[in-house]
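Q: Below you will find the structure I want to go over with you.
The values are calculated or read from the model by the stated rules, or taken from the named source; none is laboratory data. Because the structure is predicted, anything quoted here is derived from the model rather than measured. Positions of Cβ are backbone-derived with ideal geometry, glycine not excepted, and every protein chain shown enters the neighbour counts. SASA here: full protein model, heavy atoms, side chains in, ligands and nucleic acids out. Shrake-Rupley method; radii C 1.70, N 1.55, O 1.52, S 1.80 Å.
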Amino acid sequence: MPLGTVGSAPAYDTCAVGVVQLLVTWTPPRFAHSHRFYGEADAPLLAVPLDLCAGLVDHPSVFAVSPLLREALLALTDRPERRPGAHRRLLTVVVDELSGTADQSLHLPESGDDRLRAATALLHEDPARPATLAELGRTVGASERTLSRLCHTELGMSFHRWRTTLRIHHALAHLTDGMSVTDTAMACGWSNPSSFIDAFTEVVGQTPGRYQADLRNDKK
């Protein structure tokens with residue numbers, strides 16, 4: 001039976017009043033997908049029956065976790081079912097919480113079009129590559145206009161937004177490994193730390209310095 005999956009994303013930990021709150025990923029049924037983890041990772045997966053999937057968005061997404069949602073996910077993944085039907089009832093709470101939570105902007109879609117996939121592959125290999133969309137187009141044999149159109153139809157976002165999100169993904173890995181904010185900015189293609197901090201904060205919801213501080217506190 002097709003299932004959706006909810007998985008915690010430990011690479012994007014945040015802390016509030018000393019309590020670690022994970023972001024979680026949502027993958028609807030029939031979506032081909034892969035996972036990549038950086039640093040120490042504990043990533044339980046929770047299968048959602050098909051009849052409950054309709055209550056959630058129909059595309060892969062990333063969500064912030066409320067205290068209630070966090071406890072429900074821990075109960076479903078770490079504790080045995082004590083009463084018949086208890087997990088099913090708790091799972092409906094998880095779906096209700098996720099359905100009322102704003103989708104975060106960390107989702108990085110991939111295109112099914114060979115031309116756009118060739119262009120994005122170049123950036124996956126080197127996220128700091130400064131090439132414009134026109135320059136990438138000349139490399140892969142497609143016009144700037146075609147690639148721009150494909151970004152919107154295939155990825156659901158502009159090329160600039162997609163590349164920024166890709167760079168943020170790499171920045172999270174570098175910061176998790178202990179790289180400085182300035183060095184991370186340079187390694188991921190930003191011309192100065194200030195613009196990197198602004199972009200990171202907009203996408204992740206906290207500054208890169210705060211993100212690293214929370215990681216250190218979580219390890220204590």
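Q: Select from the stretch 71-86 the residues that are over 28 Å from GLY205 (Cβ atoms) and either open to solvent by less than 50 Å² (accessible area, probe 1.4 Å) or in contact (Cβ under 8 Å) with a residue 12 or more places away in the chain (or both) and list them in ascending order.
A: Result: GLY85, ALA86.
Q: I've got another one for you. Of the residues ALA119, ALA185, ALA128, which single one is within 18 Å of PRO109 (Cβ to Cβ), aliphatic (A, V, I, L, M) and more than 17 Å from the chain's Cα centre (by Cα)?
A: It is ALA119.
Q: Within the stretch 191-207, work out how many residues are assigned to a helix (DSSP H, G or I) and either of a type outside the set (Phe, Trp, Tyr) or open to solvent by 60 Å² or more (accessible area, probe 1.4 Å) (or both).
A: Final tally of qualifying residues: 10.
Q: For TRP162, work out the one condition from (1) surrounded by 15 or more Cβ atoms within 10 Å (Cβ to Cβ); (2) part of a loop (DSSP other than H, G, I, E, B); (3) of a type in the set (A, V, I, L, M, F, W, C); (4) out of contact with any Phe, Trp or Tyr (no Cβ under 7 Å at 6 or more places or on another chain) it doesn't fulfil.
A: (2)
Q: So which residues in the stretch 129-145 are touching a residue at least 24 places away in the same chain (Cβ under 8 Å) and either open to solvent by 30 Å² or more (accessible area, probe 1.4 Å) or basic (Lys, Arg) (or both), if there are any at all?
A: Of everything in the stretch 129-145, those that are touching a residue at least 24 places away in the same chain (Cβ under 8 Å) and either open to solvent by 30 Å² or more (accessible area, probe 1.4 Å) or basic (Lys, Arg) (or both) turn out to be ARG129, PRO130, VAL140, GLY141.
Q: Scan the stretch 55-70 residue by residue and report those that are open to solvent by 50 Å² or more (accessible area, probe 1.4 Å) and either in contact with a helix residue (DSSP H, G or I) (Cβ under 9 Å, 6 or more places away or on another chain) or under 20 Å from GLU110 (Cβ atoms) (or both).
A: Result: VAL57, ASP58, HIS59, LEU68.
Q: Still on this structure: All but one of (1) in a loop (DSSP other than H, G, I, E, B); (2) over 24 Å from ASP58 (Cβ atoms); (3) open to solvent by 60 Å² or more (accessible area, probe 1.4 Å) hold for GLY112; which doesn't?
A: Of (1) in a loop (DSSP other than H, G, I, E, B); (2) over 24 Å from ASP58 (Cβ atoms); (3) open to solvent by 60 Å² or more (accessible area, probe 1.4 Å), only one is false for GLY112: (2).
Q: Considering the stretch 146-157 alone, what residues qualify as being among the polar types (S, T, N, Q) and open to solvent by 40 Å² or more (accessible area, probe 1.4 Å)?
A: Residues satisfying the conditions are SER148, THR153.
Here is a yes/no grid of residues against (1) out of contact with any helix residue (DSSP H, G or I) (no Cβ under 9 Å at 6 or more places or on another chain); (2) modelled with pLDDT of 85 or more:
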{"position": "PRO84", "(1), (2)": "yes, yes"}
{"position": "SER105", "(1), (2)": "no, no"}
{"position": "ASP114", "(1), (2)": "no, yes"}
{"position": "THR132", "(1), (2)": "no, yes"}
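Q: I'd like the full set of residues that are assigned to a helix (DSSP H, G or I) and among the hydroxyl-bearing types (Ser, Thr, Tyr), limited to the stretch 137-159.
A: Scanning the stretch 137-159 gives THR139, THR146, SER148, THR153.
Q: Next question. May I ask you to verify whether PRO2 is out of contact with any His (no Cβ under 7 Å at 6 or more places or on another chain), at pLDDT below 80, surrounded by fewer than 16 Cβ atoms within 10 Å (Cβ to Cβ) and farther than 25 Å from ASP177 by Cα?
A: Yes, satisfied.
Q: I'd like the full set of residues that are assigned to a loop (DSSP other than H, G, I, E, B), under 12 Å from VAL94 (Cα atoms) and at pLDDT 80 or above, limited to the stretch 56-82.
A: Scanning the stretch 56-82 gives a single hit, LEU56.
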